[in-house]
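One structure below.
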Amino acid sequence: VVCHKGSASDGERLVKPIKEFGPPALDFIGPTSYKAQQSLFDAGSPPGLRNYWRSNFMAELSDAAIDANVARSDEVPSPESMILVEHLGGAVGRVGAHDTAFSNRNAQYNTSVFGTWVDAADDDRIIAWVRNFGDELKAFSTGGAYVNYMASDEGAGNIKAAYETNFKRLTEVKRKYDPTNFFSGNQNIAP
């Protein structure tokens, strides 16, 4: 999945190496709306599935990190689970570290391990796979992570790492506008 915001001709030029790399199994690359791009994976994540995720930002996608992803891809524990490697860079890196809540602007990649499954009997097995693989990827990590891909048991230290230098400012905002922690159904910054 790729995304380019700009002229169609620039987009075609940028995806040309991907299309010429080899014959793809599927090629749906083409102009679309932002809304359609943002909903591409919705059908693969219907309500009611069980989820446990980990995320690691990486400054580079080293050979060792690629090898780890390839090795673990043979172990994906359910048809709904996946390993997602997102290339960041570009516009993401051109935003100032203090211009938004998110400050991990130096990461070039985000590698996420998504454990997703149906049966509660598989909880321990799939959660263990995500934890072990997520911990293995920390060796290649900047220390940051995408907060939307964090499991609820990762703790305040990982939330702080996700927001880096903005954590103190965000804590002050939280204390001012949500001192009772009403909005706490996410990976939460406590007031």
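The values are calculated or read from the model by the stated rules, or taken from the named source; none is laboratory data. No experiment lies behind these values; they were computed from the predicted model shown. Note that we place each Cβ from the backbone using ideal geometry, even for glycine, and neighbour counts take in every protein chain shown. In case anyone asks, the SASA skips ligands and DNA or RNA and just uses the protein heavy atoms, side chains included. Shrake-Rupley method; radii C 1.70, N 1.55, O 1.52, S 1.80 Å.
Name the pairs: first residue in the stretch 16-44 and in contact (Cβ under 8 Å) with a residue 40 or more places away in the chain and open to solvent by less than 90 Å² (accessible area, probe 1.4 Å), second residue in a loop (DSSP other than H, G, I, E, B) and not aromatic (Phe, Trp, Tyr), Cβ to Cβ under 8 Å, at least 6 apart or on different chains?
none
What are the residue pairs meeting all of these: first residue in the stretch 152-170, first residue without any contact (Cβ under 8 Å) to a residue 24 or more places away in the chain, second residue open to solvent by 80 Å² or more (accessible area, probe 1.4 Å), Cβ atoms under 6 Å, and 6 or more apart or on different chains?
From residues that are without any contact (Cβ under 8 Å) to a residue 24 or more places away in the chain, the pairs are PHE167/LYS160.
Just to confirm my filter: which helices (runs of 4 or more DSSP H) fall fully inside the stretch 1-73 and include at least 1 residues that are at pLDDT below 90 and farther than 22 Å from LEU137 by Cβ? Break it down into steps so the answer makes sense when it comes.
Details: elements: 8-21, 34-38, 63-73.
The helices (runs of 4 or more DSSP H) meeting that bar are 8-21, 34-38.
For residues in the stretch 60-90 being touching a residue at least 40 places away in the same chain (Cβ under 8 Å) and open to solvent by 60 Å² or more (accessible area, probe 1.4 Å), which is nearest to ALA107 (Cα to Cα)?
GLU60
Checking ALA128 against (1) in contact with a Gly (Cβ under 7 Å, 6 or more places away or on another chain); (2) free of Cβ contacts under 8 Å to residues at least 12 places away in the same chain; (3) of a type outside the set (Asp, Glu), which test does it fail?
Condition not satisfied by ALA128: (1).
For the stretch 91-116: of the residues being of a type in the set (Gly, Ala, Ser) and outside any strand (DSSP E or B), which is most open to solvent (accessible area, probe 1.4 Å)? Break it down into steps so the answer makes sense when it comes.
Quick first cut of the stretch 91-116, residues of a type in the set (Gly, Ala, Ser) only: 91, 93, 96-97, 101, 103, 107, 112, 115.
Of the ones still in play, those that are also outside any strand (DSSP E or B) are 91, 93, 96-97, 101, 103, 107.
Numbers: ALA91: 64, GLY93: 39, GLY96: 26, ALA97: 40, ALA101: 42, SER103: 6, ALA107: 0 Å².
Only one residue fits best here, namely ALA91.
Mind listing whichever residues of the stretch 117-164 are open to solvent by less than 50 Å² (accessible area, probe 1.4 Å), aliphatic (A, V, I, L, M) and either in contact with a helix residue (DSSP H, G or I) (Cβ under 7 Å, 6 or more places away or on another chain) or at pLDDT 90 or above (or both)?
Hits for the stretch 117-164 are ILE126, ILE127, ALA128, VAL130, LEU137, ALA145, VAL147, MET150, ILE159, ALA162.
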